[in-house]
Structure formats: structure tokens, C-alpha cells
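One structure is given below, encoded as C-alpha cells.
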């Protein structure tokens, strides 16, 4: 006889909202933004309707090798502490820009980034909102 009761997982992850995928590259790309604190160049996120961000690193960048060599997926969370609780933390919560906290964990050998905004993202980075189609669909529902 099959037990039809659902198993309760005490390690339920908080709600995750897709933000971007970060892909390491060694090629210079147009319209790169340099982030001196991390010694990396980022390109593409603001122009990609799918949130694709290319990242190129200076030779003396001290970020973990996993970040510099393996693509990562990033999610917005409401509580970054809850999102990383009990996980293998690769980069502890920090604030790369005013209004945002980020952290990285390792899941099954892959880096995962969490972002927590303390106000709407468009106020942190004053660019057109990403993923307008999905937002418009949610607003109509």
C-alpha cells in the first residue's frame, strides 16, 4: 500500500525569484562595467531580456575560483539569512551597492547567488525594469 501523505521537508527554501544567470568569460565584451572592489567586469545584464550577465575577471581577482569558472544562477529572496541557513556558504552576505545584499552558496557543486533588495530594484539600479512581460501578466491575474 502506498502512503499518500506528503512528506514534510523541514529544509524548505524561501520563495526564490529568478534574477539572472552569470557566465564567466575571458573575452572582453562591449559596454562592460568595471567593479573595482571585486576586480571584475560585468556586461549584458541590463540589455538581456533573460537576465544573462557575462563576467570577466582581472588576473588578481580574489573571488572564489568557483565563481570565476562556473556559471551561477541568481535569485531574489526576501530574507537572505533564511536562504543561506544550513547551506554551504561560498561568499557571506555583503553589500556590493547601496540597497542590496548578496551572498553565494554552493549547491551540488554549482554557485548560487541570492540577492535581497531593501527597496525596489529600480530604485537601486535606475534602469528599465527587467522581465516586464512576466510582471505584466502577474498584475493582470
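The values are calculated or read from the model by the stated rules, or taken from the named source; none is laboratory data. Just so it is clear, the model here is predicted, and its values are computed rather than measured. Glycine gets a Cβ as well: all are built from the backbone with ideal geometry, and neighbour counts include every protein chain shown.
Does at least one position in segment 108-117 carry a residue that is under 18 Å from residue 20 (Cα atoms), modelled with pLDDT of 95 or more and surrounded by fewer than 17 Cβ atoms within 10 Å (Cβ to Cβ)? Yes, there is a match, as at least one residue in segment 108-117 is under 18 Å from residue 20 (Cα atoms), modelled with pLDDT of 95 or more and surrounded by fewer than 17 Cβ atoms within 10 Å (Cβ to Cβ). Scanning segment 29-46 for residues that are closer than 17 Å to residue 59 by Cα and either touching a residue at least 40 places away in the same chain (Cβ under 8 Å) or surrounded by 10 or more Cβ atoms within 10 Å (Cβ to Cβ) (or both) turns up 29, 32, 33, 34, 35, 37, 38, 39, 40, 41, 42. Would a scan of segment 129-141 turn up a residue that is modelled with pLDDT of 85 or more and part of a loop (DSSP other than H, G, I, E, B)? Looking through segment 129-141, none of the residues is modelled with pLDDT of 85 or more and part of a loop (DSSP other than H, G, I, E, B).
Take segment 47-60 and flag every residue that is buried (at least 16 other Cβ atoms within 10 Å of the Cβ) and either outside any strand (DSSP E or B) or out of contact with any helix residue (DSSP H, G or I) (no Cβ under 9 Å at 6 or more places or on another chain) (or both). Residues satisfying the conditions are 51, 53, 54, 56. Would you check if there is a residue in segment 87-96 being surrounded by 11 or more Cβ atoms within 10 Å (Cβ to Cβ), at pLDDT below 95 and closer than 23 Å to residue 25 by Cα? Yes, that holds for at least one residue.
When we screen 4, 10 for residues that are assigned to a loop (DSSP other than H, G, I, E, B), over 23 Å from residue 109 (Cα atoms), modelled with pLDDT under 95 and out of contact with any helix residue (DSSP H, G or I) (no Cβ under 6 Å at 6 or more places or on another chain), the only hit is 4.
With respect to being at pLDDT 95 or above, closer than 15 Å to residue 14 by Cα, in contact with a helix residue (DSSP H, G or I) (Cβ under 6 Å, 6 or more places away or on another chain) and crowded, with 17+ Cβ neighbours inside 10 Å, residue 83 falls outside the description. Listed by first and then second residue, the pairs with beta-carbon distance under 6 Å, at least 6 apart or on different chains, first residue in segment 65-85 and more than 23 Å from residue 121 (Cα to Cα), second modelled with pLDDT under 95, form an empty list. Scanning segment 32-41 for residues that are assigned to a strand (DSSP E or B) and over 17 Å from residue 103 (Cα atoms) returns 33, 34, 41.
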